[in-house]
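Notes follow the structure.
Please treat every number below as a calculation from the coordinates, not as lab data. For clarity, every value in this text was computed on a predicted model and none was experimentally measured. Note that we place each Cβ from the backbone using ideal geometry, even for glycine, and neighbour counts take in every protein chain shown.
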Amino acid sequence: MNAYTSDKQLSRLLYTSALDMEGCSEKQAQAVRKIAESSAEQNRLSQLTGSLLFVKGVFIQILEGPHDEVEKVFDRICCDFRHVDVRLIDLTHVSERLFEDWDMAFLNDDEISSLALRDELQEIQFLVGVNASQATLQMRSLLDNQPAHSKV
């Protein structure tokens, strides 16, 4: 049992969106970091876990937790003017969490110097449009191999 054990039906949602913000990459990186930190705090309060990747101006996010909370957060994201071109990729009921260790794991390709890691992020971005389940598993695998700083 952990802090996120519940008898409610669990759901996992995968979506993508683009950041609607002009300006220098440093300003965008700060805005994205702020979004990730705010998301982590909101997720703790809502008993959600997940992962947020930011690749070439695109958010790839997985949210998991009680179905009603997942829906509320996704509705809020859809109404957030910083997100444009919001696309629901996958929404499924699950028996267990894949991201239970992360209120919001976060990786931003602008903050990564490793070319191999950037390539992995781009591969996940491609997979999201082809095979959502495989993209989800690859996100989890990628996070398992990251240092603790990927947690927000």
**OP:** Could you check what % of the DSSP bridge pairs in the range 10-150 are antiparallel, to the nearest 5?
**Re:** 85 percent
Subject >> Over the chain: helical MRE at 222 nm, DSSP H runs n ≥ 4 each giving -39500 (n - 2.57), nearest 500 >> reply: -13000 deg cm²/dmol
**OP:** Give, rounded to the nearest 20 debye, the magnitude of the charge dipole that the range 10-150 has about its Cα centre when Lys and Arg contribute +1 at Cβ and Asp and Glu contribute -1 at Cβ.
**Re:** 120 debye
Subject >> Pair E41, T92: separation of 7 Å Cα→Cβ label points (nm) >> reply: 3.3 nm
Subject >> Coarse-grained scattering of the range 10-150 at q = 0.17, 0.18, 0.20 Å⁻¹, given as base-10 log I(q)/I(0) from a Debye sum over alpha-carbon atoms >> reply: -0.90, -1.02, -1.31
**OP:** Quick one: which residues, 5+ away or cross-chain, put their amide H under 5 Å from the amide H of V94? H built at 1.01 Å from N.
**Re:** L10, S11, R12
**OP:** Would you look at the GNM of the chain, springs on alpha carbons closer than 10 Å, and say which of T16, T92, T136 moves the most?
**Re:** T92
Subject >> W102 long-range amide H proximity, modeled H, under 5 Å >> reply: G50
